[in-house]
Amino acid sequence: MSTKAAKQHKFRVGKMTFLDYFLLVLLTVLSLMIIIPFWNVIMISFATQKEYANNPLLMWPKHPTLDAYRALFQDGRLLGGFLNTFKILLVGLPLSLFLTSTMAYGLSRNKFPGKKGIFFIVLFTMIFNGGIVPLYLVMKSLHLTGSLWSVILVGSFSAFNMILMMNYFQGLPESLMESARLDGAGEWKILFSIVLPLAAPIMATITLFYGVSFWNGWYDAMIFLRKAEQLPLQNVLRTIIVESTTNVSNAASVDALAKSGFSTGMKMASVFISMVPIMCFFPMLQKHFAKGVLTGAIKT
């Protein structure tokens, strides 16, 4: 037996090598570092204030309660926040995909006039931007402040997402487009009948990116919206938590503190509530996600 083969045999246990076991242990530790805090957040949302005070690293409450969730859902603003967020998603997601896919398709074609100049302008916005004041002035001049359209339009295009999609489109065979043109198809027909059906992985990836961005967005709504009934979910949750925390800090007695609610439990419950829709949405796109990101990130 050669020296190299002897070394390989020394670190091999059954069908797994020493490196395999090391990676298994490392990945297990990293997984626990992610799962334990996530589980702790969920358990605190079901715990009482006394249990949390005795053991902040709570793995299972002895007396589970729904008080935190009851306090959140009893506030009528929560359902309004859900409704506003779904309105933003319902309009913003298709609009974002349309703007991103059409621009990515145009810039992915070699014969597109002014391609380099337009691409440079788009790339420039990834590095430099005017800031929030010019953006607010633009929305004000368009009379969109105080409207959900301001939040939708601000988040409706991402240069990063467009570049990912453009690189993916560049990897598609040019012969398919040429054949369609010979058959009399126009560019819109080629895009919607040939390119997009072949680009399911990158479309799923960009859908997830935009969906998460719209769902978690709160800053634009805080800047452009003024009426409480227009606020999306994240802003409503923030308002409820701030009010709860303020009540706790102003409580003058133990009884007042108990009546004010468990502010940390409400925070954890709001985190869980805001995560559930994305957790349900992600598995449907997971099979396309890795392929879309890897293919779109590599210029072919």
Scope segment 122-144; condition surrounded by 11 or more Cβ atoms within 10 Å (Cβ to Cβ) and assigned to a helix (DSSP H, G or I); matching residues: Val122, Leu123, Phe124, Thr125, Met126, Ile132, Leu135, Tyr136, Leu137, Val138, Met139, Lys140
Total residues in segment 152-186, condition under 30 Å from Ile127 (Cα atoms) and among the hydroxyl-bearing types (Ser, Thr, Tyr): 3
Among (1) open to solvent by less than 20 Å² (accessible area, probe 1.4 Å); (2) part of a helix (DSSP H, G or I), the one test that Lys116 misses: (1)
Positions within segment 21-51 being open to solvent by less than 60 Å² (accessible area, probe 1.4 Å) and part of a helix (DSSP H, G or I), in sequence order: Ser31, Asn40, Val41, Ile42, Met43, Ile44, Ser45, Glu51
Wholly within segment 157-233, helices (runs of 4 or more DSSP H) carrying at least 2 residues that are buried (at least 20 other Cβ atoms within 10 Å of the Cβ): 159-170, 200-216, 219-224
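Would a scan of segment 223-232 turn up a residue that is within 13 Å of Thr102 (Cα to Cα) and touching a Lys or Arg at 6+ places or on another chain (Cβ under 9 Å)? Spell out how you get there, then give the answer.
So the first thing to find is which residues in segment 223-232 are within 13 Å of Thr102 (Cα to Cα), and the list is none.
No.
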Candidates Phe98, Phe82, Phe86 - the one that is among the aromatic types (Phe, Trp, Tyr), over 30 Å from Lys189 (Cβ atoms), in a helix (DSSP H, G or I) and open to solvent by 70 Å² or more (accessible area, probe 1.4 Å): Phe86
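The values are calculated or read from the model by the stated rules, or taken from the named source; none is laboratory data. Predicted, not measured: the structure shown is a model, and the values here were computed from it. We place every Cβ from the backbone using ideal geometry, glycine too, and count neighbours over all the protein chains shown. For the accessible areas, the whole protein counts, side chains as well, though only heavy atoms, and no ligand, DNA or RNA atoms are used. Shrake-Rupley method; radii C 1.70, N 1.55, O 1.52, S 1.80 Å.
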